[in-house]
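The values are calculated or read from the model by the stated rules, or taken from the named source; none is laboratory data. This one's a predicted model, so the numbers in the text were calculated from it and none came from an experiment. Heads up, the Cβs are rebuilt from the backbone with ideal geometry, glycines too, and the neighbour counts pull from every protein chain shown. Each accessible area value is taken on the protein alone, full model and side chains, heavy atoms only, with ligands, DNA and RNA left out. Shrake-Rupley method; radii C 1.70, N 1.55, O 1.52, S 1.80 Å.
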Amino acid sequence: MDRQTLKEPRQEQVRRARVEKPKAASPRKTGQRRGSRAAAKQAVTLKEHVVEIVSDSGEGAQRCGQSFGSVAARMGNGIWTVEIIPAEIQPPARSIAGASGNRIRVASERVTNGGDEADLVVAFNEQVLLGRYRAKELKPGCIILLEDKWRTDPDAEIAVSYAHVYDELVAEGYKVHEIPMESECVKYVPDPRRGKNMFVLGLLCSIYSLDLEMAREQIRFVFRKKDAKVIDLNLELLGAGHDWAEENLDIKYAIPASKPKDPQIVMNGNTALALGVLASGMEVCAMYPITPATSASHYLSDIFERVGCVVHQAEDEIAACAFAIGASYAGKCAVTITSGPGLSLKQEGIGLAVMSEIPLVVVDVQRGGPSTGQPTKAEQGDLLSACFGGHGDAPKVVMAASTIEDCFYSVIMARKIAETFNMVVMVLTDASLATAQQPFPRPDFNEQWLAPPIDQSAVPEGASPYDWDPRTGLAPRFIPGQPNGMHCLTGLAHDRLSHVAYDPEINQEGIRNRSLKLATFQKTLKAPAIFGDEDGDLLIVGWGSTQGAIEEAVERLRADGKRVSSLHLKFLQPMPSGMKDMFRRFDKVMTVENTWSDSLDSEVFDEDSRRYAGLALLLRARFLVDVDCWGEVKGQSIKPGKIVRAVLERLP
Amino acid sequence: MGIPVSECLLKLMAEGYTLDDYRGDIPPRWCTGCGDNGILAAVQRLCRDEQLPPERTVFVSGIGCSSRFPHYMNAYGFHGLHGRALPVAEGIKLRRPDLHVFVSTGDGDCCSIGAAHWIHAIRYNMDMTVLMHDNQIYGLTKKQASPTSPRGVKSNTTPRGTYLDPLNPLSVTLGVANVSFVAQAVDWIPELLYDIISEAYHHKGFSFVRILQRCPEFMPHQFDPWVQNPDKMLLLTHEKGVQLSAGLSKVYRKQEAHDPGDLHRAREIASLSEQIPVGILYRDSDVPCYEDVRMVDRLHTPDVIKGVLEEEFDKFTIWPSE
Ligand SMILES: Cc1ncc(C[n+]2csc(CCOP(=O)(O)OP(=O)(O)O)c2C)c(N)n1
Ligand code: SF4
Ligand SMILES: [Mg+2]
């Protein structure tokens with residue numbers, strides 16, 4: 001039983017004795033004083049707040065959080081929402097590991113990451129709250145709105161546990177408000193477990209001065225597939241929550257919105273990814289379900305047929321990759337979407353596509369690894385396996401999406417590169433982008449995004465399928481159906497005619513040309529822009545989903561007078577030219593990556609044994625620069641505040 | 001049954017593909033006496049007789065001696081990964097129903113490393129002709145036991161003989177949902193080999209032909225009892241299956257009139273142990289093909305794509321809210 005206390009699970013007996021009665025000063029049971037406060041409230045203006053809503057899974061905190069984020073976004077606020085997902089589908093009720101919900105960062109301006117610890121938390125029971133507390137997700141002294149029904153729970157153990165947590169949090173300076181969520185909700189619904197979330201949405205609308213009409217619209221949208229009764233009930237709960245807060249709570253904020261000029265859409269990274277597949281003109285997505293990639297395929301399955309296309313759920317990832325390769329070979333460039341363990345299984349197929357120069361897009365929505373690792377959690381641990389995971393020398397393009405918007409455009413770009421260069425293009429995203437939501441400008445459809453219709457014209461007689469251009473390494477692509485193009489593609493070493501090559505010179509020629517092709521592609525890349533000054537004391541280099549947090553950290557450090565800048569890479573393989581010169585203008589270069597790297601905190605971790613994070617290793621090898629690195633593997637996006645701390649440790 | 005010569009000549013003059021048109025530009029490199037040579041000859045004949053345009057015909061294979069097959073054809077070929085021929089072929093067929101797809105796979109390729117794909121390929125029932133070259137041994141890697149090696153076969157990995165009974169590819173195939181065509185042929189009766197592959201080609205769906213294929217290099221006497229004694233063979237004939245020429249009928253006297261619609265009897269025939277059945281065990285032309293099931297009547301044009309994208313963007317638009 002490690003349920004009762006904040007930090008020391010085993011001391012429950014001692015502590016139990018301490019709490020007998022609830023504190024008199026507690027703001028609970030304030031329902032009687034209706035109307036007394038409303039008039040007195042003055043909204044405090046904030047630049048931003050991080051709000052968390054956590055419950056047992058199935059109690060709807062996720063939906064509440066998403067709706068809250070959407071309403072704020074509709075009002076024109078910058079938002080970033082992060083899902084809080086328990087590992088199990090049905091974790092036991094009231095368990096620390098079972099916290100399910102949403103974290104929403106709401107701001108006046110556009111935000112690019114989930115921010116730091118929470119400023120306000122709504123918890124449906126004290127155990128999930130404890131989970132978040134122990135995970136150090138609460139800002140010290142933050143506001144907590146806690147369901148109060150557990151205080152009087154018939155099960156004495158529960159009541160005592162609740163009282164403990166409550167008292168300790170109050171003692172630690174948290175501003176805990178007990179909210180009679182359930183007793184208020186039973187007035188409207190027989191099963192308050194399934195209605196509380198909209199009551200809470202009402203509370204939050206009141207606290208953050210959100211437009212109630214927009215919240216009503218949101219409810220109508222969320223429940224659009226349900227009947228009118230359900231919608232009305234939820235509207236009622238929303239109103240009840242709002243009114244209750246107006247009358248009983250002393251908390252009132254306003255986060256003024258700076259309305260964007262262009263049309264904005266809001267979605268998570270996987271939805272953006274799926275729409276990117278559709279917008280790229282690809283016709284086939286072959287996949288095998290794996291968290292956190294699957295939801296992209298779920299959504300794609302829903303919409304893809306409307307443009308005549310297919311999501312094929314194969315029997316495994318090996319088949320999914322081979323299937324995509326078959327479709328691409330037949331002229332219909334395909335994508336296969338997966339996550340770490342699936343990427344491992346696809347590696348042999350990826351090598352075949354490289355060897356035989358079949359265009360292919362592989363998306364890896366990274367999760368915690370190795371092995372089954374942390375399926376629902378974010379990590380950036382697959383960079384090296386994306387670059388070098390298969391056997392032999394297999395040059396391919398590896399790129400990473402760094403924002404939700406970028407998930408959309410990356411796939412479009414990947415398809416284009418794949419078909420222009422007859423190459424494998426890996427697109428890396430991760431669990432944090434997959435599930436986070438953020439508004440971004442509504443894309444303007446461009447026909448150039450689409451794949452051209454397949455070429456079925458006759459190939460000139462005598463043309464060879466691997467007629468590598470000596471300058472670029474590029475070879476033509478003969479698609480079945482093209483007269484005169486018949487040849488037998490093979491994963492064996494082959495000559496220009498695609499004949500199996502036993503000749504050592506020919507083997508070397510093929511490998512050289514595939515490498516040349518990647519170099520040719522490299523010449524098309526532009527150097528990324530430095531964020532901050534062009535020179536200084538320290539340059540942070542990052543890739544993928546960490547962009548927002550890194551740049552926010554840089555802003556904070558610069559505001560503090562530190563000479564820190566950052567550089568964010570979209571292409572990890574090959575890398576653009578010009579970076580070495582950038583590195584030279586800084587005293588120190590370091591990467592920040594959401595992956596493991598040894599820090600020199602043990603006797604046996606020294607410069608001889610130290611294992612660097614993936615990007616740091618790549619940069620050190622390529623540029624002969626002493627690149628340091630910092631990161632963590634806590635299954636979530638790195639917070640800007642932590643980056644600030646890591647950087648400060650490294651500054652003179 | 002072959003097409004009479006006169007008819008062939010007529011065809012030839014009209015459309016023009018000759019046997020030579022299907023010969024790849026490198027000669028087969030199989031061992032002398034290897035059964036794969038006979039399978040290649042039968043398939044080239046079929047292509048000629050059906051006048052398949054080489055540019056619209058794709059031969060897919062995995063890895064193994066038998067998987068060299070596509071190199072020896074003049075057509076599009078895909079010599080891919082060990083065990084993965086079937087999913088590649090499925091990917092090709094899904095969006096290109098205009099292509100004739102053939103698959104050559106070995107017993108190791110199909111029944112061992114690719115077994116999962118095999119089971120599911122049967123269930124997808126995509127329109128392709130699958131030739132499983134079963135020499136009951138791993139040829140290319142030089143004599144290791146395969147899942148179809150009879151119990152007791154001495155190989156480099158089983159020097160004291162294999163330990164287990166073999167897997168029966170016919171029974172397995174007949175046991176999977178959506179099975180639509182199962183046949184067995186042997187390389188040493190070329191006439192029937194041709195007829196059976198031709199039936200397989202004409203069946204719309206996943207046509208699985210297990211071909212018992214001699215490997216003189218590593219299993220020199222494996223099929224001797226059957227090659228030498230035609231009475232150990234059981235020829236399946238039927239008006240809905242293959243019919244025997246007078247010559248064949250005389251040599252192979254053990255025959256059974258087997259209706260390919262009779263799944264129950266097909267399963268019994270599949271599990272015969274002494275006799276080798278040859279012919280069409282099972283055929284059901286009504287099983288839907290996955291490529292048809294997944295075909296949606298929607299155009300994939302820029303306008304349609306734009307339309308759907310805009311509709312979806314509308315759903316996610318938060319600003320302006322209306
Ligand atoms: C992943 C992988 N594992 C193993 C091999 C080695 N290998 C190539 S062919 C083969 C077996 C071939 O046997 P079979 O499929 O029966 O074909 P045959 O040569 O008998 O025609 C093996 C094990 C490989 N190429 N790839
Ligand atoms: S080893 Fe056997 S299967 Fe391979 S080519 Fe020689 S005879 Fe044929
Ligand atoms: Mg074999």
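Some notes on this structure:
- Qualifying positions in region A:460-487 - open to solvent by less than 20 Å² (accessible area, probe 1.4 Å) and touching a helix residue (DSSP H, G or I) at 6+ places or on another chain (Cβ under 9 Å): A:Tyr466, A:Trp468, A:Gly473, A:Ala475, A:Ile479, A:Pro480, A:Gly481, A:Gln482, A:Gly485
Yes/no matrix, rows are residues, columns are (1) farther than 14 Å from B:Val278 by Cα; (2) crowded, with 22+ Cβ neighbours inside 10 Å:
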{"residue": "B:Thr162", "(1), (2)": "yes, no"}
{"residue": "B:Thr173", "(1), (2)": "yes, yes"}
{"residue": "B:Asp187", "(1), (2)": "no, yes"}
{"residue": "B:Leu192", "(1), (2)": "no, yes"}
{"residue": "B:Val209", "(1), (2)": "no, yes"}
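- Residue in region A:99-109 that is at pLDDT 95 or above, out of contact with any strand residue (DSSP E or B) (no Cβ under 6 Å at 6 or more places or on another chain) and not in a helix (DSSP H, G or I) present: yes
- For B:Asn135: the one exception among (1) within 16 Å of ligand 2 (Cβ to nearest atom); (2) free of Cβ contacts under 8 Å to residues at least 24 places away in the same chain: (2)
- Pick from region A:38-70, criterion modelled with pLDDT under 95 and open to solvent by 50 Å² or more (accessible area, probe 1.4 Å), ranking: nearest to A:Asn113 (Cα to Cα): A:Gln66
- Any chance A:Thr291 is over 30 Å from B:Pro302 (Cα atoms) and outside the structural domain of A:Ser67 (by TED's automatic domain parsing): yes
- When region A:402-448 is filtered for residues that are within 14 Å of another protein chain (Cβ to nearest Cβ), open to solvent by 30 Å² or more (accessible area, probe 1.4 Å) and part of a helix (DSSP H, G or I), the ones remaining, listed by number, are A:Glu405, A:Tyr409, A:Glu447, A:Gln448.
- A:Ala73 being farther than 30 Å from A:Pro260 by Cα, of a type in the set (A, V, I, L, M) and either buried (at least 24 other Cβ atoms within 10 Å of the Cβ) or within 14 Å of chain B (Cβ to nearest Cβ) (or both): no
- Selection within region B:101-132 - open to solvent by 10 Å² or more (accessible area, probe 1.4 Å), away from ligand 2 (no atom under 16 Å from the Cβ) and more than 10 Å from chain A (Cβ to nearest Cβ): B:Ala115, B:Asp127
- Residue in region B:139-147 that is within 14 Å of another protein chain (Cβ to nearest Cβ), within 16 Å of ligand 1 (Cβ to nearest atom) and either under 22 Å from B:Ala116 (Cα atoms) or modelled with pLDDT under 95 (or both) present: yes
- Within region A:553-652, strands (runs of 3 or more DSSP E) holding 1 or more residues that are polar (S, T, N, Q): A:564-569, A:571-573, A:586-593
- Residue satisfying all of: in region B:280-319; more than 7 Å from every other protein chain (Cβ to nearest Cβ) and touching a helix residue (DSSP H, G or I) at 6+ places or on another chain (Cβ under 7 Å); nearest to A:Gly326 (Cα to Cα) among these: B:Glu291
- Checked against the criterion of being within 16 Å of ligand 1 (Cβ to nearest atom), part of a loop (DSSP other than H, G, I, E, B) and over 26 Å from A:Lys346 (Cα atoms), region B:113-120 has no qualifying residue.
- Residue match in region B:83-90 (condition: within 14 Å of chain A (Cβ to nearest Cβ), within 14 Å of ligand 3 (Cβ to nearest atom) and open to solvent by less than 10 Å² (accessible area, probe 1.4 Å)): yes
- Top-ranked residue of region B:17-46 - restricted to ones that are over 19 Å from the mean Cα position of the chain (by Cα) and of a type in the set (Val, Ile, Thr), ranked as nearest to the other protein chains (Cβ to nearest Cβ): B:Ile26
- Only listed residue being in contact with a Gly (Cβ under 6 Å, 6 or more places away or on another chain) and not hydroxyl-bearing (Ser, Thr, Tyr), chosen from A:Leu233, A:Leu237: A:Leu237
- Residue within region A:516-532 that is open to solvent by 40 Å² or more (accessible area, probe 1.4 Å), in contact with a Ser or Thr (Cβ under 6 Å, 6 or more places away or on another chain) and under 30 Å from A:Leu273 (Cβ atoms) present: yes
- Within region B:24-38, the set of residues being open to solvent by 50 Å² or more (accessible area, probe 1.4 Å) and charged (D, E, K, R) comprises B:Asp25, B:Arg29.
- Residues located in region B:266-316, provided they are of a type in the set (Phe, Trp, Tyr) and closer than 30 Å to B:Glu256 by Cα: B:Tyr282
- If you go through region A:278-293 and keep only what is in contact with a strand residue (DSSP E or B) (Cβ under 8 Å, 6 or more places away or on another chain) and over 22 Å from A:Asn422 (Cα atoms), you end up with A:Tyr288, A:Pro289, A:Ile290, A:Pro292, A:Ala293.
- With respect to (1) at pLDDT 95 or above; (2) open to solvent by 10 Å² or more (accessible area, probe 1.4 Å); (3) of a type outside the set (A, V, I, L, M, F, W, C), the lone exception for A:His164 is condition (2).
- Members of region B:211-257 found to be open to solvent by 50 Å² or more (accessible area, probe 1.4 Å), away from ligand 2 (no atom under 16 Å from the Cβ) and within 21 Å of the chain's Cα centre (by Cα), listed by number: B:Lys240, B:Gln243
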